[in-house]
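Trainee: What follows is a structure written as C-alpha cells; I'll ask about it next.
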Amino acid sequence: MAKFGAIYLSYSRDKFDIEEINNIASILVKEGYQFSVRYRQETPWIQLYVNEPEKVISYGKKIAQIFPNQKILGLAAYTISDSVSFCYFQGKQVIRLLQSGFITERQWEIIEGEKQPWEDKIFEKLSLEIGTKGMVSYHINQIGVSLNLPGFGIPQSGEPWTIEISH
C-alpha cells in the first residue's frame, strides 16, 4: 500500500439498509463528490475511498457539514514517506485532528481536539507534541482496527460490499 485515504460516516441503523446507503451516496453525488462507497453489514461505518490522502481532512470537514448528525472520521497515509493523518468531526466541530509527516517527515504537525480513548494504547511510545516524532502508517492501521472500520486499501471491482457513485 503506497497510499490510503478514506472518510468514514457513522451508520446508526439497527438493521442494515442498502436504501439508506444509496441515499447517502446520492446526496454525495448531488454535492459534487465521487467516491467509492464501501460498507459491511456488521460494522456501524460507511467508507468513502479518497484517492488523494492529503485531501482527507478538508473533505472530512465538508462532509461533516453535509451530514451534521453523523460522526465523520478520516484516515490518510502515504506509506513511502509516512505522511499520515486522522480526523474526527461532527457537524462543524473538530473532535480530534492529528497529522504528522506531511510537512516534516515523521514529525507531529497538527494536534487538536480531545484525546481519544484508544490513543494511549496506540501511541504509547510517542509524545504528542508538535515537532516531536509523530505517528506512521502502522498507527493508521491500528486505529482502523481498533475502531472496527471497514476496508483498508483500494476498493476492488466486484467486491460485494462496494458500490460506485458517480454522475
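Derivation of every value follows stated rules applied to the coordinates shown; laboratory data play no part. It should be emphasised that the depicted structure is a prediction, and the values quoted were computed from it without experimental measurement. All Cβ positions, glycine included, derive from the backbone under ideal geometry; neighbour counts span all protein chains shown.
Trainee: May I ask for the net charge around residue 80, where only other residues with Cβ less than 11 Å from the Cβ of residue 80 are counted and Lys, Arg are +1 while Asp, Glu are -1?
Mentor: Within the 11 Å Cβ shell, the charges total -1.
Trainee: Please work out how much length the chain gains when fully extended from residue 2 to residue 114, using 0.36 nm per residue of separation minus the C-alpha to C-alpha distance, in nm with one decimal.
Mentor: Residue separation times 0.36 nm, minus the Cα-Cα distance, leaves 37.4 nm.
Trainee: So what's the projected area for region 3-164, the Cα convex hull averaged over all directions, in nm²?
Mentor: About 9.1 nm², averaged over all directions.
Trainee: First measure r as the distance between the Cβ atoms of residue 138 and residue 19, then evaluate 1/(1 + (r/R0)^6) with R0 = 45 Å and state the FRET efficiency to the nearest 0.05.
Mentor: 0.75
Trainee: Separate question: I need 73, 128 ordered by Cβ neighbour count within 10 Å, fewest first.
Mentor: Listing 73, 128 from fewest to most nearby Cβ atoms yields 128, 73.
Trainee: Another question, if that's okay. What are the principal axis extents of the Cα atoms in region 29-118, in Å, biggest first?
Mentor: Principal axes ranked by extent give 36, 28, 27 Å for the Cα atoms.
Trainee: Taking the mean number of other Cβ atoms within 10 Å as a proxy for protection, how do you rank 90-97, 31-38 from highest to lowest?
Mentor: Peptide ranking by packing, descending: 31-38, 90-97.
Trainee: How much length, in nm to one decimal, is gained on full extension between residue 80 and residue 125, taken as 0.36 nm per residue of separation minus their Cα-Cα distance?
Mentor: 14.1 nm
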